[in-house]
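Worksheet for the structure shown next.
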Amino acid sequence: MERISVFDIFKIGIGPSSSHTMGPWRAAQRFLREVGRDGAFDHVASVQVDLYGSLAKTGAGHGTDLAVILGLNGDDPVTIPVEQVQPTLEHIRQTKTLNLAGQKIIPFDPEQDVIFLYHEILPYHANGLTFRAFFRNGAGFSQTYYSVGGGFVEKEGEHNLSASVTLPFPVDNGADLARWCREEGKSIDEIVFQNERTWRFPEDIRRGLIDIWAVMQQCVYKGCHTDGVLPGGLDVSRRAKALNIKLLSGQPYENLETWQELIRQGNWSFQLILKWVSCFALAVNEENAAFGRVVTASTNGAAGVIPAVMMYYACFCPEFTGDDGIIKFMLTAGEIGSLFKKGATISAAMGGCQAEIGVSSAMAVGALTACLGGTAAQVMMASEIAMEHHLGMTCDPIGGLVQIPCIERNTMGAIKAITAAQIALESDPTKAKVSLDAVIKTMKETAEDMNHKYKETADGGLAVQVTLGLVEC
């Protein structure tokens, strides 16, 4: 089984898709490193990229071409200023040149050198892409990668290399996790923290998680203060800013910190809290759809669920304990996400939207339950409840864009998580009829049975009922 760090589940990057943007971007960077290992980098004359299956069918709407081009150009999704993304691409298109790995200028025409193979699917995974480097002496080098969901990338023939890592508390499924918690007398986050020390020093774990939370908060804040129309041709209007203004009724604030404090101090009804949670989720996924900086959690298409629930915890729950609570939340959520990746999939191209919104909702509710005082058994019960009510959800993005129905689905995933936490906290897990492992297995089998047109291809569902710019009544 894979050995997955919480920092593999939560990754900082650029929207709109972890599997169609983040993964291909990282694959491009990995390809350049492999060319460099052969000592042939200086001899590269040109490069090309083939996109297969789902990467081809919805690649334009998901920015897959953008991702591979910027990756080859030497830009990084964590550090590139968001405002430089489009100008950099426009420069490449205008000059028909690429600054390969940021080191040498080569000819590159995006129209000719990024090839969309709409009707070809590689056998291992629906999200395949092949990079080719052509050398001045006429030789060449090619390598195929798979973007397997959540920004994870696997090279052809080298799958699951992370299994070689030895953890003090190896976890392959929910039963393992429950057993370690029971035998060690520890909570889930305590078990996960000990495993994380295999990769990082304790202070680096804490600092890294708080840094990720900071990016999430900035994303929520930016989304709540940006209006306009999202790119891509659907003419979807952003809604988070207007909702934020309405909820605060014109009360003044200066920055993220004073904004959050204003929300905390409000006398909010149940109905208004629901609106705030929806506002937080909308804000993140509007940023994601606009190629903004988000945290993959566990995917970009579902990036709003966990920040929305974390904001709910931080702003509306008296149990909130500051940084300690955030770290507990993220360690717990990351472990739940890793269970779904190991036992099923977090790729919509393989499992539909149950693999994105469903998994993120299960992660969020498990973490929230833990932070509200739930036992390890209640945490896993809560995650099972959330996924149980996302089973079979299709991925049918209109126009291949991560906008409709994706943005609103994040609000639904967040609200379901909060509801499931309350159910689990008032329940006896020993009387549960469905285990977390059973629902993960069911999700996997449902994904395998699901028709391919409902797996992020834009070939079915809402994607074929609505045309760009036109909604039929």
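Observations on the model:
- Lone unmet requirement of (1) in contact (Cβ under 8 Å) with a residue 12 or more places away in the chain; (2) under 28 Å from V171 (Cβ atoms); (3) surrounded by 13 or more Cβ atoms within 10 Å (Cβ to Cβ) for E190: (1)
- Given (1) surrounded by fewer than 24 Cβ atoms within 10 Å (Cβ to Cβ); (2) more than 29 Å from E83 (Cβ to Cβ); (3) modelled with pLDDT of 90 or more, index of the condition D42 fails: (3)
- Residue list for the stretch 1-28, restricted to those being farther than 19 Å from V295 by Cβ and assigned to a helix (DSSP H, G or I): A27, A28
- Inter-residue pairs, beta-carbon under 6 Å, first within 19 Å of L401 (Cα to Cα) and modelled with pLDDT of 95 or more and in the stretch 218-232, second charged (D, E, K, R) and not in a strand (DSSP E or B), 6+ apart: G223/E286; G223/E287; D227/R238; D227/K241; G228/R238; V229/D235
- Residue match in the stretch 332-345 (condition: in contact (Cβ under 8 Å) with a residue 40 or more places away in the chain, in contact with a helix residue (DSSP H, G or I) (Cβ under 7 Å, 6 or more places away or on another chain), in a loop (DSSP other than H, G, I, E, B) and acidic (D, E)): no
- Taken across the stretch 117-138, residues that are crowded, with 21+ Cβ neighbours inside 10 Å, outside any loop (DSSP other than H, G, I, E, B) and either free of Cβ contacts under 8 Å to residues at least 40 places away in the same chain or not small (G, A, S) (or both) do occur, with at least one present.
- With respect to the conditions (1) among the charged types (D, E, K, R); (2) assigned to a loop (DSSP other than H, G, I, E, B); (3) within 29 Å of G15 (Cα to Cα), K186 lacks only one, and its number is (3).
- Being touching a Cys at 6+ places or on another chain (Cβ under 6 Å) and either part of a helix (DSSP H, G or I) or of a type in the set (D, E, K, R) (or both) is a condition met by at least one residue of the stretch 270-286.
- Odd one out for S383, checked against (1) modelled with pLDDT under 95; (2) surrounded by 24 or more Cβ atoms within 10 Å (Cβ to Cβ): (1)
- Residue among A432, A424, A376, A420 that is farther than 21 Å from G325 by Cα and of a type in the set (A, V, I, L, M): A432
The values are calculated or read from the model by the stated rules, or taken from the named source; none is laboratory data. This one's a predicted model, so the numbers in the text were calculated from it and none came from an experiment. Note that each Cβ is placed from the backbone with ideal geometry, even for glycine, and that neighbours are counted across all protein chains shown.
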